[in-house]
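Please read the structure below before turning to the comments.
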Amino acid sequence: MSSDQPVQPAQISVEETTVCLFLGNSKIVTRRGKNCGKLKPFAFGEEAVAQASKTLRAMGREERLVSIEEGLFFVALDDMELPPDMAEGGWLATSLREFYKETKLPELCVARLRANAIRVPYLYLNANDYIYRFRAEKERNRKVYQVDDTSVALYHSALCDAIKAVKRAKERSATSPARLDFGAAEYLLPSHFGFCLGVQNAIERAYETLAANPGKRVFMLSELIHNPFVNQDLQERGLKYLQSDKGVPVIEEATGLPYWEGLSDQDIVIIPAFGARDEDKLRLIERGLPIRQYDATCMLVEKVWKAARRYGQQGYTIVIHGKAEHEETKATFSNSAKYAPSVVIRDMKEAAQLGEVILAETKEDKQRLFAPFVSRASVGFDPSKDLDRLALVNQTTLLRNETLKIIAYLEETLTAAYGEAHITEHLAMSSKGDTLCYATQVNQDALAKALDEDIDAAIVVGGKNSSNTFQLFRLCQERFGDRAFYIQSEGNIRSKSEVEHFIFPYDPKNPKQGGMETRPFLPEKERVRVLVTGGASCPDGILQQIIARINGFFPEDRVRSVESVLAEIE
């Protein structure tokens, strides 16, 4: 059946509507029908598969047809532009959005294409593949973001390099803290702090993309990482942002319209380390933007998505321990909801609320108690049946102990509801291994080894919206109380006696949250001891600048040189 003929969806059979799409660079290979002038897919109808396979062989192409669902096939051409031999045959490459507007395919076919277009950039990835694996050390490209005095000061620290070289025997194992004796001040730095591998990947990807595409508009979907200084440096080098970390579109000053509205297939959009919702990715794909080669999703975030898919396929409902407003949690929810009923809980308090729903005896009570979770649950979530079998996954940057407490509580609750003999039927016990990022965990473990020390101040450095930094601060606050400080840079240290402390927005009842507060800093002592650590998105250079700032409060003759301190690190 020709695509030139109008067909009502109710009249369509799978054989008649078999569609093969050749795609490249998130564009569809298409041409206009001879009679109607409308865009049409590469092959349509009963002979579509044979026709597409024959064409691939004739061109000597190695790409294969992938069955997306019954009667729908995609081919992702390795060449990112339309092969010349196809262009000579009258074919052209256009965005899916334009194809939808002009095609004369049945509505049912177009709906199927739209529902599956998210597969296009990732067509040949299998279940065990990752979008962007961590680079090996020899593949690192740190020079790309240390190109001038400004970037070197931001990213480079001789002190931090020396500590990592000596203290990190293994990337995943914490050791004792490093001690930096500057004379008037002694500093303790955990063996693990600062940039994780996912952040390093994302930063290198961003600077490389800017360097490789002069003259093009390069966007980041939202903040690359949760550090204002990194994001500002990238912006000054030409990077633009499509939306805020809360999903609010950024307005282009020249037009007064959201950048989203003016995106074209000539633009580049980088997916940040947190990942992205399918909804956002689909908007980019349908506009013809290439995203696979610019997708910097951390593979440990993607590991959580894979766990959610696995549990969903086993019949579990996915409980996501995370902040519903956080980009990573939004992306995880977007992925898990494709495979299973999903709901987000923030903390132990909300786990207890969910427990009340599980233990409620009537359908009406379950619906009533579940009301606070409706906005954070997948469409059609039914608390009467979707809380019978649970698996827990994480926002990767949270405290492991809190996650384990939530899992233990859910196990206790499900045991009360179904009996101990049946607990393995109702809770995915393998989720006890949790899906936290190992870099987040090792940073917490390394900090824990320093918390028994007697210190005068504990400084935790990171962006104001950095969840993993806040978890490090929580550990310090529990141990040191008001001697623990959450800051963004040395600029927050006003003097030896005053520091600007950031109150992380975690408790909605605290009217001060989200703001800065001036607090007393160092005591009047001849020698002070300070613990310093940074979140996973904190550049090393900022930590060294903080140490230099504090050293500056003491007479020069009482402060040892950096060179002499470096020689003693062990």
Legend entry - Residues within the range 173-217 that are open to solvent by 30 Å² or more (accessible area, probe 1.4 Å) and over 29 Å from the mean Cα position of the chain (by Cα), tallied: 3
Legend entry - Single residue of the range 225-276 satisfying the filter (at positive phi and within 20 Å of the chain's Cα centre (by Cα)) that is modelled with the highest pLDDT: Gly275
Inset, instruction - Scan the range 1-52 for residues that are part of a loop (DSSP other than H, G, I, E, B), at pLDDT 50 or above, open to solvent by 60 Å² or more (accessible area, probe 1.4 Å) and not acidic (Asp, Glu) and report the count. - result: 3
Inset, instruction - Among the residues of the range 523-535, write down those that are open to solvent by 10 Å² or more (accessible area, probe 1.4 Å) and in a loop (DSSP other than H, G, I, E, B). - result: Pro523, Glu524, Lys525, Glu526, Arg527
Legend entry - Index of the failed condition, Thr403 passing every other in (1) in contact (Cβ under 8 Å) with a residue 60 or more places away in the chain; (2) closer than 18 Å to Cys437 by Cα; (3) open to solvent by 10 Å² or more (accessible area, probe 1.4 Å); (4) not aliphatic (A, V, I, L, M): (3)
Inset, instruction - Could you pull out the residue among Ala352, Ala340 that is more than 23 Å from Arg309 (Cβ to Cβ) and not β-branched (Val, Ile, Thr)? - result: Ala352
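Say whether the condition of being out of contact with any helix residue (DSSP H, G or I) (no Cβ under 6 Å at 6 or more places or on another chain), open to solvent by 50 Å² or more (accessible area, probe 1.4 Å), closer than 21 Å to Thr317 by Cα and not basic (Lys, Arg) is met by at least one residue in the range 431-442.
yes
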Inset, instruction - Only helices (runs of 4 or more DSSP H) wholly contained in the range 223-287 count here; list those with 2 or more residues that are among the charged types (D, E, K, R) and over 29 Å from Lys303 (Cα atoms). - result: 228-236
Inset, instruction - Report the residue count in the range 72-96 for those that are on the phi < 0 side of the Ramachandran plot and either without any contact (Cβ under 8 Å) to a residue 60 or more places away in the chain or open to solvent by 70 Å² or more (accessible area, probe 1.4 Å) (or both). - result: 17
Inset, instruction - Quick one: count up the residues across the range 537-561 that are open to solvent by less than 10 Å² (accessible area, probe 1.4 Å) and not in a helix (DSSP H, G or I). - result: 3
Legend entry - Criterion: among the charged types (D, E, K, R) and modelled with pLDDT under 95 - qualifying residue of Glu350, Glu356, Glu327: Glu327
Legend entry - Criterion: part of a loop (DSSP other than H, G, I, E, B) and either surrounded by fewer than 19 Cβ atoms within 10 Å (Cβ to Cβ) or not hydrophobic (A, V, I, L, M, F, W, C) (or both) - qualifying residue of Val152, Val147: Val147
Legend entry - helices (runs of 4 or more DSSP H) contained entirely in the range 288-388, each with at least 1 residues that are surrounded by fewer than 20 Cβ atoms within 10 Å (Cβ to Cβ): 299-313, 348-359, 363-370
Inset, instruction - State which residue pairs qualify: first residue farther than 15 Å from Pro341 by Cα and inside the range 362-382, second residue charged (D, E, K, R) in any location, beta carbons under 7 Å apart, and separation of 6 or more residues or different chains. - result: Leu369/Glu356
Legend entry - Checking Glu69 against (1) in contact (Cβ under 8 Å) with a residue 12 or more places away in the chain; (2) out of contact with any helix residue (DSSP H, G or I) (no Cβ under 8 Å at 6 or more places or on another chain), the condition it does not meet: (2)
Legend entry - Only one of Gly198, Gly262, Gly247, Gly288 that is of a type in the set (Gly, Ala, Ser), within 22 Å of Asn25 (Cβ to Cβ) and out of contact with any strand residue (DSSP E or B) (no Cβ under 8 Å at 6 or more places or on another chain): Gly262
Inset, instruction - Kindly indicate the residue of the range 135-144 that is closer than 15 Å to Leu197 by Cα and among the basic types (Lys, Arg) and also surrounded by the fewest Cβ atoms within 10 Å (Cβ to Cβ) among those meeting that condition. - result: Lys138
Inset, instruction - Taking Phe99 as the residue in question, decide whether it is surrounded by 14 or more Cβ atoms within 10 Å (Cβ to Cβ), touching a strand residue (DSSP E or B) at 6+ places or on another chain (Cβ under 8 Å) and outside any helix (DSSP H, G or I). - result: no
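The values are calculated or read from the model by the stated rules, or taken from the named source; none is laboratory data. Quick caveat, the model's predicted, so the values are computed rather than measured. No Cβ is skipped: glycine too gets one built from the backbone with ideal geometry, and neighbour counts run over all protein chains shown. When the accessible area is computed, the model is the full protein with side chains, heavy atoms only, and any ligands, DNA or RNA have been set aside. Shrake-Rupley method; radii C 1.70, N 1.55, O 1.52, S 1.80 Å.
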